[in-house]
Each structure stands twice: as C-alpha cells, then as structure tokens.
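Note sheet for the following structure.
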Amino acid sequence: MLRKKLQGNTTVDDLMMRLINAMEIFAAQQQEDIRDEDEREAREKVKQEQDEAYRLSLEADRAKREAQEKEIAEQVRQEQLQKEQEEEREAIRLSLEQSLPAEPKEESTEPVSKLRIRTPRGEFFERRFLASNRLQVVFDFVASKGFPKEEYKLLSTFPRRDVSQFDATETIMEVKLYPQETLFLEAKE
C-alpha cells in the first residue's frame, strides 16, 4: 500500500527519517489492530461463555422440569395405587361384614360368649357370638372393623395369649373365650 510518494532528490537522512516515521506509524497501526483483534476475541469469548452458560441453564431447567414431572407422575401413581388398595381393603371388609352370621340374642338357648375388643387407639367394640362359632368368625368380625389378621394380633389379657395364632377352626368354647373375654388388638411389626 502506497502512503507517500517521494519526488525529486532526497537525502539519505531525509529518507531514513521518513522510513523511521513510516515504521512508527505502521507499528502504532499494527498495535491498534492487535488491540482491536484482542478486544474482538475477548468479546467473542465472553459471548461463547454466555451462550454456554445459557445452554447449561436451559439443560438444568429441562432436567429439573423432567425430575418434577417424574416426581409428580410417581406421586400420582402412588396415590392411585393406595386408592386401589384402600378400595380393595374396603371391599374385603364389606364382604366379611356381610358374611358374618347374625349376632345371637342375649336370651339365646345356646351358650353365648360376649367378646369386648379394644383397638390400638383405645376404642372398644363388642359383640356376642355363639360359643360354638369357629374362631374364624371372630377374626372375620375383627377384620370387618378394619383390623385384618394379617396386620394385627388379637391378644387375650389374662392369661396373655395370642389368639390370632390359634387354629381358626377351633370354637370359641374350645379356646376358652366363653362366657366373656376382653381382647385387645396390637399391630404386627
């Protein structure tokens, strides 16, 4: 690139001065170009870092959203499963309640046993059974109140016995729960 044209006779000193001056101008321009290039590279680097940070932020947001959606879906699934289990438990409870034999009257001619049962919450319920009823009828009655044999032990107070371990085909009379007995329920561990 031609900057200046020398005309006529020029001395060596003048030529040297002009060359040195041109070199200084060139060096200054070169430094400015280098500085501009460095600034451009720095801006480009900052932009790339910002773009990368933005991309990572979007990925983190997406992962967080997916995790929340997965957690919500799992919670809905668990609630649905729990609801189905409760409905099944309630259906079994109602079925047991309907299958129970009628409660004998106090003036029954057959021997009648009166059982009082305390729940883990301290509530009581009682019912009369024929002494000839099988223990299974007692277990079904207790399960119809929401305390299935699989989850609760039925215990006598004195002597302390785990009635739920007895053979369900034995009668109330055979296991000595006649004429009356207070039993209590305890959750199985």
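The values are calculated or read from the model by the stated rules, or taken from the named source; none is laboratory data. Nothing here was measured: the structure is a model prediction, and the numbers come from that model. In this analysis, Cβ positions are derived from the backbone assuming ideal geometry, glycine residues included, and neighbour counts consider all displayed protein chains.
Among Glu97, Glu103, Glu110, which is surrounded by fewer than 12 Cβ atoms within 10 Å (Cβ to Cβ) and either more than 18 Å from Phe147 (Cα to Cα) or not hydrophobic (A, V, I, L, M, F, W, C) (or both)?
Matching residue, one of Glu97, Glu103, Glu110: Glu110.
Looking at (1) touching a residue at least 24 places away in the same chain (Cβ under 8 Å); (2) closer than 26 Å to Glu106 by Cβ; (3) of a type in the set (Lys, Arg), can you tell me which one Lys176 breaks?
Just one mismatch for Lys176, condition (1).
With within 21 Å of Phe184 (Cβ to Cβ) and not aromatic (Phe, Trp, Tyr) as the only criterion, which of Glu126, Glu66 stands out?
Glu126
From Leu183, Leu155, grab the single residue that is in contact with an Asp or Glu (Cβ under 8 Å, 6 or more places away or on another chain) and crowded, with 16+ Cβ neighbours inside 10 Å.
Leu155
When you go through (1) loosely packed, with under 14 Cβ neighbours inside 10 Å; (2) of a type in the set (Asp, Glu); (3) modelled with pLDDT of 90 or more; (4) not in a strand (DSSP E or B) one by one for Glu174, which number turns out not to apply?
For Glu174, the failing item is (1).
Exactly one condition in (1) closer than 25 Å to Ala168 by Cβ; (2) part of a helix (DSSP H, G or I); (3) at pLDDT 95 or above; (4) charged (D, E, K, R) is not met by Glu90; state its number.
(3)
Identify the residue in the stretch 104-132 that is basic (Lys, Arg) and in a loop (DSSP other than H, G, I, E, B) and, among all such residues, is nearest to Phe158 (Cα to Cα).
Arg121
I'm trying to understand the selection: among the residues of the stretch 78-96, which are of a type in the set (Asp, Glu) and either within 18 Å of the chain's Cα centre (by Cα) or in the same structural domain as Glu150 (by the TED database) (or both)?
Glu79, Glu84 - these are the residues of the stretch 78-96 that are of a type in the set (Asp, Glu) and either within 18 Å of the chain's Cα centre (by Cα) or in the same structural domain as Glu150 (by the TED database) (or both).
Exactly one condition in (1) basic (Lys, Arg); (2) modelled with pLDDT of 90 or more; (3) not in a helix (DSSP H, G or I) is false for Lys47; which is it?
Here Lys47 clears every test but (3).
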